[in-house]
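The values are calculated or read from the model by the stated rules, or taken from the named source; none is laboratory data. Note that the structure is a prediction, hence the values are computed from the model and not measured. For neighbour counting, all protein chains shown are included, and Cβ atoms are generated from backbone atoms with ideal geometry for every residue, glycine included.
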Amino acid sequence: MIEAIKLFAIGILLGLANIIPGVSGGTMAIVFNVYENIIAIISFNIKKILKEWKFILPLGLGMVCGIFLFSSFLSFLLARFPIQTAVFFIALICGSLPLILSKISKEDFVSTKLSSSLAFLIALALMLLMFFISPNDSGQVYDQINPALFLRLTISLALAAIAMIIPGVSGSFLMMVLGIYATVIASISHMRIPLLIPIALGVILGLLSGAGLVRFLLAKAKTQTYAAILALVIMSIPLLFPLNAIKAFLQSATQLSVLVLIVSSLLVFVLGFCLSFFTSREKN
């Protein structure tokens, strides 16, 4: 029962991570050491699904609840406490780094030093490019479907779904870059079925193709894959850093409010770090 409750709570965080621009659902799966399990499930590894249904059920229910029930609470936190909320997610990532390093054995790294280093550098370069990409979402919401929009939503959501699987890359951020984030969120909120059809189709296509690729890489080149994942996760930290929120806060801050911010952020960081470090450690 305790394990099911823990998986349900992890599922909630994974669900929330997938709807926050800039936060990677793949990274959160790495944080809680459930990434390989999720990849196996998404790629329809029937043997794995039947064997671990007790794992899948609470995690899946938690993700659904995270997206549909707790999104308003998350919106409240992002609006009222943007800095502390960002610090919490950064702490979750920092606490998972020892786990990722443990996936790369010294012996395997020595034998694949060149290819693993290359994978790390390519992933690092990919994340550096994210710094120079500005979201293109104008906030325009489409409420009527047409063939062009159907195709655009299907392709965009397929790409976003693949991005959600990749640690360090935010599917929601990519939707903003592609200019369809507002339409997707509005379609889900108002249950616009004609628009939800291409959205669901794109997500399914993206998850199937992306999970299949990741599963193949983990099977054939696990050390190189985790070297790339390490770079993606490390570089997601500066992408999440709430610089604009800090600048806005300091414009009207008092000494007392700055002190409160520092103390609360430190407490939140310790909480997030311990949560991710000890949760992943227990499963490892």
Query raised in the report: Among the numbered criteria (1) among the aromatic types (Phe, Trp, Tyr); (2) under 25 Å from Gly26 (Cα atoms); (3) out of contact with any Lys or Arg (no Cβ under 9 Å at 6 or more places or on another chain), which single criterion is violated by Tyr226?
Result: (3)
Requested in this report: Please give the number of the condition Pro167 fails out of (1) closer than 22 Å to Met28 by Cβ; (2) part of a helix (DSSP H, G or I); (3) not charged (D, E, K, R).
Outcome: (2)
Report summary line: The residue that is surrounded by the most Cβ atoms within 10 Å (Cβ to Cβ), considering only those in the range 1-39 that are of a type in the set (S, T, N, Q) and assigned to a loop (DSSP other than H, G, I, E, B), is Ser24
Query raised in the report: For the range 186-250, which helices (runs of 4 or more DSSP H) that fit wholly inside it have 1 or more residues that are touching a Pro at 6+ places or on another chain (Cβ under 8 Å), crowded, with 22+ Cβ neighbours inside 10 Å and β-branched (Val, Ile, Thr)?
Result: 222-240
Query raised in the report: Which ones in the range 43-76 are within 26 Å of Lys222 (Cβ to Cβ) and crowded, with 22+ Cβ neighbours inside 10 Å?
Result: Leu59, Met63
Query raised in the report: How many residues does the range 89-99 contain that are buried (at least 20 other Cβ atoms within 10 Å of the Cβ) and either in contact with a Gly (Cβ under 9 Å, 6 or more places away or on another chain) or over 24 Å from Leu267 (Cα atoms) (or both)?
Result: 6
Query - Candidate set: the range 149-160, residues that are of a type in the set (A, V, I, L, M) and surrounded by fewer than 24 Cβ atoms within 10 Å (Cβ to Cβ); chosen: the one modelled with the lowest pLDDT - result: Leu159
**Report entry** Hits in the range 84-132 (condition: among the hydroxyl-bearing types (Ser, Thr, Tyr) and either over 18 Å from the mean Cα position of the chain (by Cα) or in a loop (DSSP other than H, G, I, E, B) (or both))
**Finding:** Ser102, Ser105, Ser111, Thr112, Ser115, Ser116, Ser117
Report summary line: Screening Lys106, Lys113 for residues that are of a type in the set (Lys, Arg) and at pLDDT 80 or above leaves only Lys113
Query raised in the report: Inside the range 235-264, can you point out the residues that are hydroxyl-bearing (Ser, Thr, Tyr) and under 30 Å from Phe120 (Cβ atoms)?
Result: Ser236
Query - Ser72, sole failed condition from (1) more than 20 Å from Ile237 (Cβ to Cβ); (2) assigned to a loop (DSSP other than H, G, I, E, B); (3) polar (S, T, N, Q) - result: (2)
Query raised in the report: Would you say Met175 is at pLDDT below 80, aliphatic (A, V, I, L, M) and out of contact with any Lys or Arg (no Cβ under 7 Å at 6 or more places or on another chain)?
Result: no
